[in-house]
Amino acid sequence: MKRLVIFLLLVIIFLTGCGKKENTIVMVTEAGFAPYEYYENGKVIGVDIDIAKEIAKHLGKELIIKDIDFDSIINELNSGKADFALAGMSITEERKKEIDFSIEYSESKQVIVALKDSNIKTVDDLKNKKIVVQLGSVADIFVSSELSEATVIQQKKFLSAAQDVKSGKADCLIMDALPANELVKNNKELSVLSVDLFTDRYAVAVAKGNEELLDEINKVLDKLMENGKIEEYILYHTSR
Ligand code: GLN
């Protein structure tokens, strides 16, 4: 009898667990990346969240947002712990080997953030500098592969990276343009230098081979771009 009760309880737990999964869709991100994903009153909001809400609506599912380290995102997708990633994630050939990308929904460029009186004026000036980046980002890969004489400092959070520049531990920070603009808004001693490094494009990522979900995501993105919605989201989240 006791065994039967335990068995039935396990069945119930299993079934409710499954039911939950049926009606939810899990998005993974790193929420220190305004205007794409950031906290307001304890809630994650941003351009990517607005897009994710539309994806969830289209699928008829409840959206769950998981905030993790940027360099753990690919693993989270491939281990099945999350359904898709929306994290201002740039399409790269290396990443394409591990995950599948949707159509691109935003263009970005990599820029340099430094103290206002910095002597960095051109890309050449980066040569022997101490450069802080976000661990696992395209900037991280760029510094390691293109700037062999520079010293790279890898941080998980852009706030810590900004702190490194402010304290002089790093000479500059390399990161995406719009998040850089947001960062300097709140750190008046920093500025975005007028040196563009390279452009990159953002897409939604899913586990390798999850074509079914990718097709639906692409439909949503197509519609949002056609209606100018993504620009609208960007405008909203950069003007507040
Ligand atoms: N776009 C950059 C990349 O994909 C940084 C993204 C991020 O830090 N959220 O590497």
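Readers should treat all values here as calculations from the given coordinates under stated rules, not as data from a laboratory. Since this is a predicted model, take the numbers as computed values, not measurements. Glycine also receives a Cβ, built like all others from the backbone with ideal geometry; neighbour counts cover every protein chain displayed.
Quick rundown of the values:
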item: Additional length obtainable on full extension of the chain from Ser191 to Lys127, 0.36 nm per residue less Cα span; result: 21.1 nm
item: Vicinal HN-Hα couplings computed from phi for region 39-55 (Karplus, 6.51 cos²θ - 1.76 cosθ + 1.60; Hz; Gly/Pro x); result: 8, 9, 6, x, 10, 7, 10, x, 4, 5, 6, 4, 5, 4, 4, 5, 5
item: Options Tyr202, Gly228, Val192, ranked by Cα towards positive dipole end of region 159-240, top entry (Cβ charges); result: Val192
item: Dipole moment magnitude, nearest 20 debye, the chain about Cα centre, only Lys, Arg, Asp, Glu C-beta charged; result: 980 debye
item: Residue-by-residue Karplus 3J(HN,Hα) for region 58-72, coefficients 6.51, -1.76, 1.60, Hz, glycine and proline x; result: 4, 8, x, 10, 7, 8, 10, 10, 10, 9, 9, 5, 4, 6, 9
item: Gain in span if fully extended, Glu146 to Glu40, counting 0.36 nm per residue against the direct Cα distance; result: 34.5 nm
item: Entries of Lys61/Lys157; Lys66/Lys130; Lys66/Lys223; Lys130/Lys156 with Cα pairs more than 28 Å apart; result: Lys61/Lys157; Lys66/Lys130
item: Asn75-Arg201 pseudo-label distance in nm [points 7 Å out on the Cα-to-Cβ vector]; result: 3.0 nm
item: Debye log10 I(q)/I(0) for the chain, one point scatterer per Cα, at q = 0.13 Å⁻¹; result: -0.80
item: 17 Å Cα-Cα reach of Lys96 towards lysines, excluding residues that sit fewer than 8 places from it in its own chain; result: Lys208
item: Within region 123-219: Cβ-based charge dipole about Cα centre, in debye rounded to nearest 20 (Lys, Arg +1; Asp, Glu -1); result: 480 debye
item: Relative compactness, region 85-199, computed as alpha-carbon Rg over 2.2 N^0.38 Å; result: 1.04
